[in-house]
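The block underneath contains the structure these notes are about, expressed in structure tokens.
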Amino acid sequence: MNIIDISSIEKEYHIPDDRKGTFHDVLFDIIDQRGLSNKEVYTRCNIERKQFSKMQCSPNMKPGKKYVLALCIGLGLSLDESADLLSRADNAFNPGDARDQYVKGFIKNGCDDIRQVNEFLAERGLELLGSFSEGVLTLTDKVI
């Protein structure tokens, strides 16, 4: 039987204080650092006010991926910041998912326009980000 050195495990896998925090903690730290109002955030990110309020009032909430990706785009997060925020909601970029890879490309290129991303996704028949799908025009839509 192997004897395990608990102290070495503790040292190697200890989470430093600057890496701690829930999805809620990290999200609202980012919002505060950017000096954004709640209305600016939920509008930029295409999230219903009610859904955003749930995120704000429920410290242990882990929203669905379409909401977290919308926040990543709307808040203009870097790829590393986006991956971190996704992981805190128990999600990740899936290398086999087209939507994830397209969104990742938009993030890498510094896009913070949720409408542009959703138009692109809609044109390809992929699930949109955020709460609302109305108001997103595609190339096949006709304006009357």
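A few points about this structure:
- Taking other C-beta atoms within 10 angstrom as a stand-in for reagent exposure, I4, I47 fall in the order I4, I47, fewest first.
- Using the Cβ-Cβ distance between D90 and K50 with R0 set to 30 Å, the FRET efficiency from 1/(1 + (r/R0)^6) comes to roughly 0.85.
The numbers here are math on the coordinates, done by the rules we state, and not lab data. This is a predicted model, so every value here is computed, not measured. Cβ atoms come from the backbone with ideal geometry, glycine included; neighbour counts cover every protein chain shown.
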